[in-house]
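> Mind looking over this structure? Questions follow.
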Amino acid sequence: RSVYDGEEHSRFMEKLEARIRNHDREIEKMCNFHYQGFVDSITELLKVRGEAQKLKNQVTDTNRKLQNEGKELIIAMEELKQCRLQQRNISATVDKLTLCLPVLEMYSKLREQMKSKRHYPALKTLEHLEHTYLPQVSHYRFCKIMVDNIPKLREEIKEVSMSDLKDFLESIRKHSDKIGETAMKQAQQQRNLDNIVSQHPRISGGKKSKKEVCASSDLEVKNTSPMSEQDSGILDVEDEDEDEEVPGAQDLVDFSPVYRCLHIYSVLGARETFENYYRKQRRKQARLVLQPPSNMHETLDGYRKYFNQIVGFFVVEDHILHTTQGLVNRAYIDELWEMALSKTIAALRTHSSYCSDPSLVLDLKNLIVLFADTLQGYGFPVNQLFDMLLEIQDQYSETLLKKWSGVFRNILDSDNYSPIPVTNEEVYKKIVGQFPFQDAELEKQPFPKKFPFSEFVPKVYSQIKEFIYACLKFSEDLHLSSTEVDDMIRKSTNLLLTRTLSNCLQNVIKRKNVGLTELVQIIINTTHLEKSCKFLEEFITNITNVLPETVHTTKLYGTTTFKDARHAAEEEIYTNLNQKIDQFLQLADYDWMAMEPGSKASDYLVDLIGFLRSTFAVFTHLPGDVDVHSTMSGKVAQTACMSACKHLSTSLMQLLLEAEVRQLTLGALQQFNLDVEECERKMQS
């Protein structure tokens, strides 16, 4: 910039030219110094170019030969490359198929299980397929189709398992009576076995009880796998003979449909839905089972079928309670049992009230006891059933009283009211065996001889004992104490004596066609029956083992019954005599205006006195022991005579005081006085 700004521009140019010339001279000197070497180098390069051309030609020729020779190798290499590519593809395909084949196999297995109705295994397979296999191959289209079908398959399994459950519920509803019948047979066998063991305790050491055997059978049922392929609800069991072993009640039922459906719904997360459905359906079935048929009271089979169905229902529920976790619980079972107990007791009260046959009532009681024992064996409280049996006992007593009323009527109607004749020792011992009678004087008498009482005495006494036995039969297996049994028998026997037998005796005494001889025999008979009451007391004590001196022991009122009957017979005798006297007095025909009396007593009065003498002769000539003669013929004859005389005197006085008799003559009064004197004379004799 200073050169261009100043005036030294030309001078600078001159210096620059000089410098260039110096450099050129130096370059020329250097070139001159190296020129020969440069020429030699050029010469060498020319030689090298020739050699290079030769080498190029050789290389080109070699390359041509190599290319010609390497074409086959290149083709082989290409083929090898393709083979390696195919091998790699095949290996990848095998790997993918290795992942896909288990999926396809599991899906095929799932379809096969669905087809064979193995729903629980199918659900397990489906879960395994969804969570283990399909995620590994989820990018394939067929897997997406499978994934889309999984909810449908679950729903199908759910519906089919529910259908199986419905079939099972319907099947056990129809076969509840068979299940219950088997359970009650089993309970009966267990009770019989307990009775045998109690009677022969030594033989029970090495034997299993029936309950233990059935318990082991129940364990086998409880261990039934839910994977079982059996879908039938009830297994066919042929009727066994009584001597053959009865299978356990649970052995008749295949519970696998319930287990499978429960597990399926649990896996599907719908266990609560399943539990609610099951309980709802079983409640409906319980109401159907507890509805008794309208004609149940007609036969014992009607009651038996009703009980079998109830037992079958609760046997199934008890088994479900102990073999499933939470499908049913104790509160649910207790609620059902309370409902069943109330409905059953109400039905039994209603239908048993229609029963008038004591044998049927007794059979019903035994059936109820077996029903209660069976359910008690499964842990159900049955105290209310035994309380209800005490109510039925009152009805049983009433039916017995009605039956024995007919028995007593037949005995009294068919009796000849004459002493029992005995022709040999065998007949004598037979009657003494039937009726507790001892008379040393009668035993000493030779055959033939007569008992003082008629046939209805031993027959009535035997029937009273039969009644006591019938009452005792009802008290069996009711878990009552000896005192309670004794009290029940005594109260029923008192009703038999004071109401049934008393009414029958009163009816016989009040009959129009009964004679004085029959009435006297009734008095004798009732006296002997009254004496036999202490033997009835002893009889009841022997069968109940409760002493009469025990506190609150009910006493028999038989003596009162027979005394009342005897008094009624005596009153009937007095009434009949008075009626006969009245009939004779109606024949009296006094001429109150007669001037002279007759020479003898009036004919009607003679006939009346003859009748009374023959009647009193009946009392004095009755056969029997001394006590009977002294009490019956003495007391009754004396009282009858006094009653007859009093009635006759009153009636004769009434004849004089009749309104129709307006006036009397001395002759008429003398005749009347003659009749009265005749009465005094004859009665004194």
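The values are calculated or read from the model by the stated rules, or taken from the named source; none is laboratory data. Remember, it's a predicted structure, so these values are computed and weren't measured experimentally. Note that we place each Cβ from the backbone using ideal geometry, even for glycine, and neighbour counts take in every protein chain shown. Ligands, DNA and RNA are excluded from the accessible area calculation, which covers all protein heavy atoms including side chains. Shrake-Rupley method; radii C 1.70, N 1.55, O 1.52, S 1.80 Å.
> Could you grab me the full set of residues in region 460-480 that are open to solvent by 40 Å² or more (accessible area, probe 1.4 Å) and part of a loop (DSSP other than H, G, I, E, B)?
Glu476, Asp477, His479, Leu480 - these are the residues of region 460-480 that are open to solvent by 40 Å² or more (accessible area, probe 1.4 Å) and part of a loop (DSSP other than H, G, I, E, B).
> Could you go through region 440-447 and let me know if any residue there is part of a loop (DSSP other than H, G, I, E, B), closer than 25 Å to Glu530 by Cβ and either open to solvent by 20 Å² or more (accessible area, probe 1.4 Å) or among the hydrophobic types (A, V, I, L, M, F, W, C) (or both).
yes
> For Ser356, state whether it is over 17 Å from Leu480 (Cβ atoms), small (Gly, Ala, Ser) and open to solvent by 70 Å² or more (accessible area, probe 1.4 Å).
Considered against the rule, which asks whether it is over 17 Å from Leu480 (Cβ atoms), small (Gly, Ala, Ser) and open to solvent by 70 Å² or more (accessible area, probe 1.4 Å), Ser356 comes out as yes.
> Just to verify a result, which residue in region 105-114, among those that are surrounded by fewer than 20 Cβ atoms within 10 Å (Cβ to Cβ) and at pLDDT below 80, is farthest from Ser163 (Cα to Cα)?
Met106
> Taking Tyr133, is it under 29 Å from Leu252 (Cβ atoms), among the hydroxyl-bearing types (Ser, Thr, Tyr), assigned to a helix (DSSP H, G or I) and modelled with pLDDT under 80?
Details: under 29 Å from Leu252 (Cβ atoms): no; among the hydroxyl-bearing types (Ser, Thr, Tyr): yes; assigned to a helix (DSSP H, G or I): yes; modelled with pLDDT under 80: yes.
Criteria not met by Tyr133.
> So for region 449-467 (the condition being closer than 30 Å to Thr344 by Cα, in contact (Cβ under 8 Å) with a residue 12 or more places away in the chain and assigned by the TED database to the domain that holds Thr500), does at least one residue qualify?
The first filter runs over region 449-467 and keeps only residues closer than 30 Å to Thr344 by Cα, leaving 467.
After this cut, where a residue has to be in contact (Cβ under 8 Å) with a residue 12 or more places away in the chain as well, the list is 467.
Still in the list and also assigned by the TED database to the domain that holds Thr500: 467.
Within region 449-467, one or more residues are closer than 30 Å to Thr344 by Cα, in contact (Cβ under 8 Å) with a residue 12 or more places away in the chain and assigned by the TED database to the domain that holds Thr500.
> Further, regarding this structure: Within region 626-634, is there a residue that is modelled with pLDDT of 80 or more, among the charged types (D, E, K, R) and either within 30 Å of Thr498 (Cα to Cα) or open to solvent by 30 Å² or more (accessible area, probe 1.4 Å) (or both)?
No, the conditions are met nowhere in region 626-634.
> Right, next: Based on what the data block shows, is Leu45 among the hydrophobic types (A, V, I, L, M, F, W, C), over 60 Å from the mean Cα position of the chain (by Cα) and part of a helix (DSSP H, G or I)?
Here the answer is yes, as Leu45 does meet what is asked.
> From the list Arg490, Arg499, Arg566, which residue is open to solvent by 10 Å² or more (accessible area, probe 1.4 Å), basic (Lys, Arg), within 30 Å of Asp387 (Cα to Cα) and assigned to a helix (DSSP H, G or I)?
Within the list Arg490, Arg499, Arg566, the selection yields Arg499.
> Just for region 300-320: of the residues that are touching a Leu at 6+ places or on another chain (Cβ under 8 Å) and open to solvent by 20 Å² or more (accessible area, probe 1.4 Å), which one is modelled with the lowest pLDDT?
Leu300
> Can you pull out the residues in region 412-441 that are in contact with a Ser or Thr (Cβ under 7 Å, 6 or more places away or on another chain) and aliphatic (A, V, I, L, M)?
Correct list: Ile420 only.
> Return the pair list, or none, for Cβ contacts closer than 7 Å from residues in region 297-311 that are more than 21 Å from Gln395 (Cα to Cα) to residues that are of a type in the set (Phe, Trp, Tyr) and assigned to a helix (DSSP H, G or I), at least 6 apart or on different chains.
Taking only residues 6 or more apart or on different chains, the pairs are Val311/Phe371.
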